[in-house]
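The values are calculated or read from the model by the stated rules, or taken from the named source; none is laboratory data. Note that the coordinates shown come from a computational prediction; the quantities given were computed from them, not determined experimentally. Ideal geometry is used to build each Cβ from the backbone, glycine not excepted, and the neighbour counts take in all protein chains shown. Protein only, heavy atoms only, side chains kept; ligands, DNA and RNA dropped before computing areas. Shrake-Rupley method; radii C 1.70, N 1.55, O 1.52, S 1.80 Å.
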Amino acid sequence: MTSDTLSTTSSVRTTALTSEAGVAWTVRSNTELSPEWAAIGDAEHPAQVPGEVHTALLSEGLIPDPFDGDNETALAWIGRTDWVYQAEFQWQPGTEQRHDLVADGLDTVATISLNGTEVARTANQHRSYRFDVASLLVPGSNTVTIAFEAPINAAERLAAKLGDRPRAYGDPFNAIRKMASGYGWDWGPNLAGVGILGGIAIESWSTVRLATVRPLATVDGSDGALDVHVDLEWTDSAASPARVAIQVGEVSAEVAVPSGQTSAVVSARVPDANLWWPTGYGEPNLYPLSVRLTADDQGMGHWDGRIGFRTVTMSTEPDAAGSEFVISVNDKPIYVKGANWIPDDALMSRLTLQTYRTSINEAVDAGMNLLRVWGGGIYEREEFYNLCDELGLLVWQDFLFACAAYSEDEPLYSEVEAEAREAITRLSSHPSLAIWNGNNENIWGFVEWGWRAPLAGRSWGDGYYTDLLPRLVAELDPRTPYSAGSPFSYAPYHHPNDPRHGSMHIWDVWNQVDYSHYRDYPARYVSEFGFQGPAAWSTLFSVVHDEPLDPYGPQMLVHQKAADGNGKLERGLGNHLPKWSTEPVANMDDWHWITSLNQARAVAYGINHFRSLFPLNRGTVVWQLNDNWPVISWAAVDWNGIRKPLWHALKAVYQPRLLTLQPRPDDEGNQLPTLVAHNDSDQPWQGRLTVTRRSTGVGSDVLAEQHLELDVDPRGATTIALDADIVGAADPATEFIVVSTPGAAPAFWYFVEDTELSLVSPAEGFEARAERTDSGYDVTVTAKALVKDVSLFPDRLDAASRVDSGLITLIAGEQHTFTVTSGELDSAALTSVPVLRSVNDLVAR
């Protein structure tokens, strides 16, 4: 049950114990509760399986929404409470020799009993379990009980046993094999709970079963080469040999397996195979694969899935500038345009194929080609990887270690090995899987975060990252590269977060310094960086109810998990944008727009810089794509699926063809605006560039003009100096540069920050009109002067409304139409503040 594609024929009888199969589960507290929660008491309450205790109590109306107001704090007792799940089910014996209880996703420290007899104890959310329960089953009614230890208590008990170790956040998440961010993170709530998050069943079988299937598909010349590794489990009375047969596309192969042999490999070649490519580099071609196990001419099990033929390499070879970081697919270097992925809901049992599809499509629509599954989350469900396979999204998969020192002592070590073996085996079939990564920031933490003194020589995880995990990847998935950590410099004696070597994380921007410092980094590959901004208005203020609303209101701060987060938002404005009014109370309309815009500006500033360094720089992975609840965070798309201004900025800077103006020194060392064109496509980029220096005022008068021929190689970049007449402003506050060519977004350069820029008022600078359509509205803005970052927020009128574009900068004579998908809205409000915003309404003089 470690894969949604592993199933069985009639020779394996499955008695599903899920709610969908009609089994009625209950959950009850096994800890005395305070009088406030007397309605819950120790009574049994209906529970869905798969499911978790929070969703069970919520669906019965026994607790309020954990996301609303300060309910997170009010419900903290759930993590200090032992819980018992129980169900009765019907079962009848057959002719099978084995009867196994199989469970996937027990969260986390559990004691399993069947008909009053203890079966086993488990302690790992990230793996599955199988137990022979033939001696405990009875004909007719049976009772299964799963008693969960309170997750915070369990973590503390295990930390005391293993020895407490440094970590970034409060509860000792590093002592337990449970999703680390479930105990709270700087973007997520502490809703540590328990539950049965995967399938659970009785599997009855005889002779032999298909235990695991591990298809490793690669490329040999023009052919697809496939080795299907299978593990088998036999009953004691097995006597007959088995056969394993595979079919991939039109090609089939099979092998005989002697009785008792527990592993086999079936190989096949697909002539002239269509290769799997990431989006932007080719088609993500997939082949259906079926695996059949037979014995005594009977079907014993089957596996159905899809594979893709591809090679992936990761080069960290030294060069003149340090050490490169280049991911190549099918021998073609990939420029990575990615985002970090966190679990898509703090209550994970609510996730469905559709929620995964919606969120992953946000990455594709923004022009991304990689998602990094971050180490403080989970090994995602099959739906996630299947969608990435289909859409051509590369997956960087962290092993589940994040921001902490981890004991290498028992029993943790054995649990880590078991979960890693299972994860590698399950995910190795996916062509989208590009990197196995040992941990998130733990090597950096050991070097620089003051861990060594409190560790006092004790283990901290290094043995996992440099021995166990690379050894398991080499054994089970040798076709996929392994990285010890992120960030990492891939050489002895190098600081793990050195921008000259390998991958790096940039967090002094946001935490300490202005985002202009992104330009300090000649980064080879940035696997984390970002800047915060609020969730959409309708999302944030559906759960924050402070009166009056204020950035530092008590409920607002519940939904701002970063240390001094709203202070950093305020200081992060620097001189880029004006601060909102605070008298007599905070102007929250402006606070929301300004901080949202500044988030988008900061990240786009960084990516423009990094792309301008190509080929020195080989990619960026922004923190983060998604949210797991309504919050002020680094996400580009909020928990309700509303695209923040950051998403629109990412779509612009992740286009295959990018024009960007960057400061470069002239012969005398003066930093002058210089054009860089990065062509991340397989076709030459040729055309005519128009470069103008213009007035910010009405008419956008042309003050200087230059025409250039553009010729950029496929997957190449070029740098072009501009005329002195273009780069020299007579009045910096009233002038700007724009570079345009057909087929690419224009590049802008401003000689001063917006706080000093002379912009005309919205009334003078543009006209806006809203027209009803069959699906909502078209809102058209026509510029009469420079209008910066025009954005529309229809969710302020209806939370279900969506808009197709944002952060549109126009010069006189240009227009843009926003397409709004909605029901009936106020047309006048659609063309007015606070729904229609621009920089002009903040700084117009």
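Looking only at region 210-239, count how many residues are of a type in the set (Gly, Ala, Ser), more than 17 Å from Pro478 (Cα to Cα) and surrounded by 14 or more Cβ atoms within 10 Å (Cβ to Cβ).
Within region 210-239, residues that are of a type in the set (Gly, Ala, Ser), more than 17 Å from Pro478 (Cα to Cα) and surrounded by 14 or more Cβ atoms within 10 Å (Cβ to Cβ) number 2.
Is it the case that region 6-19 has a residue that's assigned to a strand (DSSP E or B), out of contact with any helix residue (DSSP H, G or I) (no Cβ under 7 Å at 6 or more places or on another chain), modelled with pLDDT of 95 or more and among the hydrophobic types (A, V, I, L, M, F, W, C)?
Scanning region 6-19, I find at least one residue that is assigned to a strand (DSSP E or B), out of contact with any helix residue (DSSP H, G or I) (no Cβ under 7 Å at 6 or more places or on another chain), modelled with pLDDT of 95 or more and among the hydrophobic types (A, V, I, L, M, F, W, C), so the answer is yes.
Return the residues of region 608-646 that are of a type in the set (Phe, Trp, Tyr) and buried (at least 22 other Cβ atoms within 10 Å of the Cβ); say none if nothing qualifies.
Passing the criteria: Phe610, Trp623, Trp629, Trp634, Trp639.
For Ser141, indicate whether it is more than 32 Å from the chain's Cα centre (by Cα), small (Gly, Ala, Ser) and farther than 30 Å from Leu557 by Cβ.
When the stated conditions are applied, Ser141 passes them.
Of the residues Arg601, Arg519, which is within 30 Å of Phe488 (Cβ to Cβ), open to solvent by 10 Å² or more (accessible area, probe 1.4 Å) and under 23 Å from the mean Cα position of the chain (by Cα)?
Arg601
Take the residues in region 199-228 that are touching a Ser or Thr at 6+ places or on another chain (Cβ under 7 Å) and in a loop (DSSP other than H, G, I, E, B); name whichever of them is farthest from Thr55 (Cα to Cα).
Thr207
Condition check: among the hydrophobic types (A, V, I, L, M, F, W, C), surrounded by fewer than 19 Cβ atoms within 10 Å (Cβ to Cβ) and closer than 30 Å to Met504 by Cβ. Does Ala563 satisfy that? Break it down stepwise before answering.
Details: among the hydrophobic types (A, V, I, L, M, F, W, C): yes; surrounded by fewer than 19 Cβ atoms within 10 Å (Cβ to Cβ): yes; closer than 30 Å to Met504 by Cβ: yes.
For Ala563, the condition - among the hydrophobic types (A, V, I, L, M, F, W, C), surrounded by fewer than 19 Cβ atoms within 10 Å (Cβ to Cβ) and closer than 30 Å to Met504 by Cβ - is met.
With respect to Ser59, is the statement that it is under 25 Å from Arg381 (Cβ atoms) and open to solvent by 40 Å² or more (accessible area, probe 1.4 Å) true? Working first, answer last.
Numbers: under 25 Å from Arg381 (Cβ atoms): yes; open to solvent by 40 Å² or more (accessible area, probe 1.4 Å): yes.
Answer is yes for this residue.
Would you mind telling me which numbered condition in (1) free of Cβ contacts under 8 Å to residues at least 40 places away in the same chain; (2) touching an Asp or Glu at 6+ places or on another chain (Cβ under 6 Å); (3) open to solvent by 10 Å² or more (accessible area, probe 1.4 Å) Val558 fails?
All conditions pass for Val558, except number (1).
Return the pairs, sorted by first residue and then second, in which the second residue is of a type in the set (A, V, I, L, M), the first residue lies in region 171-200 and is at positive phi, the beta carbons are less than 7 Å apart, and the residues are 6+ apart or on different chains.
Listed pairs, sorted by first residue: Gly195/Val53.
Identify the residue in region 474-488 that is of a type outside the set (Ser, Thr, Tyr) and not in a loop (DSSP other than H, G, I, E, B) and, among all such residues, is least open to solvent (accessible area, probe 1.4 Å).
Per the stated criteria, the residue is Leu476.
Given the options Ala150, Ala87, name the one that is touching a residue at least 12 places away in the same chain (Cβ under 8 Å), farther than 24 Å from Tyr413 by Cα and either in contact with a strand residue (DSSP E or B) (Cβ under 9 Å, 6 or more places away or on another chain) or surrounded by 21 or more Cβ atoms within 10 Å (Cβ to Cβ) (or both).
Of Ala150, Ala87, the one residue that is touching a residue at least 12 places away in the same chain (Cβ under 8 Å), farther than 24 Å from Tyr413 by Cα and either in contact with a strand residue (DSSP E or B) (Cβ under 9 Å, 6 or more places away or on another chain) or surrounded by 21 or more Cβ atoms within 10 Å (Cβ to Cβ) (or both) is Ala87.
Within the group Ala110, Ala39, Ala43, Ala76, which residue is among the hydrophobic types (A, V, I, L, M, F, W, C), open to solvent by 10 Å² or more (accessible area, probe 1.4 Å) and in contact with a Lys or Arg (Cβ under 8 Å, 6 or more places away or on another chain)?
Details: Ala110 fails: open to solvent by 10 Å² or more (accessible area, probe 1.4 Å); Ala39 fails: in contact with a Lys or Arg (Cβ under 8 Å, 6 or more places away or on another chain); Ala76 fails: in contact with a Lys or Arg (Cβ under 8 Å, 6 or more places away or on another chain).
Going through Ala110, Ala39, Ala43, Ala76 in turn, just one is among the hydrophobic types (A, V, I, L, M, F, W, C), open to solvent by 10 Å² or more (accessible area, probe 1.4 Å) and in contact with a Lys or Arg (Cβ under 8 Å, 6 or more places away or on another chain): Ala43.
Listed residues Ile307, Ile342, Ile327; which is in contact with a helix residue (DSSP H, G or I) (Cβ under 8 Å, 6 or more places away or on another chain) and within 20 Å of Leu427 (Cα to Cα)?
Of Ile307, Ile342, Ile327, the one residue that is in contact with a helix residue (DSSP H, G or I) (Cβ under 8 Å, 6 or more places away or on another chain) and within 20 Å of Leu427 (Cα to Cα) is Ile342.
Which pairs do you get when a residue that is under 17 Å from Leu468 (Cβ atoms) and aromatic (Phe, Trp, Tyr), found in region 417-436, comes within reach of a residue that is open to solvent by 10 Å² or more (accessible area, probe 1.4 Å) and modelled with pLDDT of 95 or more, reach meaning Cβ atoms under 9 angstrom, with the pair 6+ apart or on two chains?
Trp436/Pro470; Trp436/Pro481; Trp436/Tyr482
So which residues in region 284-318 are among the small types (Gly, Ala, Ser) and either open to solvent by 30 Å² or more (accessible area, probe 1.4 Å) or assigned to a strand (DSSP E or B) (or both)?
Ser290, Ala295, Gly299, Gly301, Gly305, Ser315
Being closer than 30 Å to Ala799 by Cβ, in contact with a helix residue (DSSP H, G or I) (Cβ under 7 Å, 6 or more places away or on another chain), surrounded by 21 or more Cβ atoms within 10 Å (Cβ to Cβ) and in contact (Cβ under 8 Å) with a residue 12 or more places away in the chain is the requirement here; does Gly530 meet it?
Here the answer is yes, as Gly530 does meet what is asked.
Only one of (1) β-branched (Val, Ile, Thr); (2) in contact (Cβ under 8 Å) with a residue 40 or more places away in the chain; (3) crowded, with 18+ Cβ neighbours inside 10 Å; (4) farther than 28 Å from Lys561 by Cα fails for Thr143. Which number is that?
Exception for Thr143: condition (3).
If you scan region 468-525, which residues turn out to be of a type in the set (Asp, Glu) and closer than 21 Å to Thr313 by Cα?
Glu475, Asp477
In region 447-470, what residues are in a helix (DSSP H, G or I) and crowded, with 21+ Cβ neighbours inside 10 Å?
Residues satisfying the conditions are Tyr464, Tyr465, Leu469.
Please determine, by comparing only the residues of region 259-283 that are assigned to a strand (DSSP E or B) and open to solvent by 30 Å² or more (accessible area, probe 1.4 Å), which one is farthest from Glu233 (Cα to Cα).
The extreme case among them is Arg269.
Kindly list the number of the only condition in (1) part of a helix (DSSP H, G or I); (2) open to solvent by 10 Å² or more (accessible area, probe 1.4 Å); (3) among the charged types (D, E, K, R); (4) touching a Phe, Trp or Tyr at 6+ places or on another chain (Cβ under 9 Å) that fails for Glu408.
Answer for Glu408: the failing condition is (1).
Every residue, every condition in (1) closer than 29 Å to Val416 by Cα; (2) not hydrophobic (A, V, I, L, M, F, W, C), yes or no:
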position: Ala24; (1), (2): no, no
position: Gly61; (1), (2): no, yes
position: Asp68; (1), (2): no, yes
position: Trp77; (1), (2): yes, no
position: Asp82; (1), (2): yes, yes
position: Arg98; (1), (2): yes, yes
position: Ala103; (1), (2): yes, no
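Could you tell me which of the residues Ile424, Ile435 is closer than 27 Å to Val336 by Cα, modelled with pLDDT of 95 or more, assigned to a helix (DSSP H, G or I) and of a type outside the set (Gly, Ala, Ser)?
Ile424
Any residue that is open to solvent by less than 40 Å² (accessible area, probe 1.4 Å), on the phi < 0 side of the Ramachandran plot and either in a loop (DSSP other than H, G, I, E, B) or of a type in the set (Lys, Arg) (or both) - is there at least one of those in region 742-751?
yes
If you go through region 358-392, how many residues are part of a helix (DSSP H, G or I) and either over 13 Å from the mean Cα position of the chain (by Cα) or of a type in the set (S, T, N, Q) (or both)? Step through it out loud before you land on a result.
Our first condition is that a residue be part of a helix (DSSP H, G or I); within region 358-392, this holds for 358-365, 382-391.
With the extra rule that they be either over 13 Å from the mean Cα position of the chain (by Cα) or of a type in the set (S, T, N, Q) (or both), the set shrinks to 358-359, 361, 365, 382-383, 386-387, 389-391.
Adding up the residues that qualify gives 11.
Out of the residues in region 535-555 that are touching a residue at least 24 places away in the same chain (Cβ under 8 Å) and over 28 Å from the mean Cα position of the chain (by Cα), state the one that is most open to solvent (accessible area, probe 1.4 Å).
If we take residues in region 535-555 being touching a residue at least 24 places away in the same chain (Cβ under 8 Å) and over 28 Å from the mean Cα position of the chain (by Cα), then Pro554 is most open to solvent (accessible area, probe 1.4 Å).
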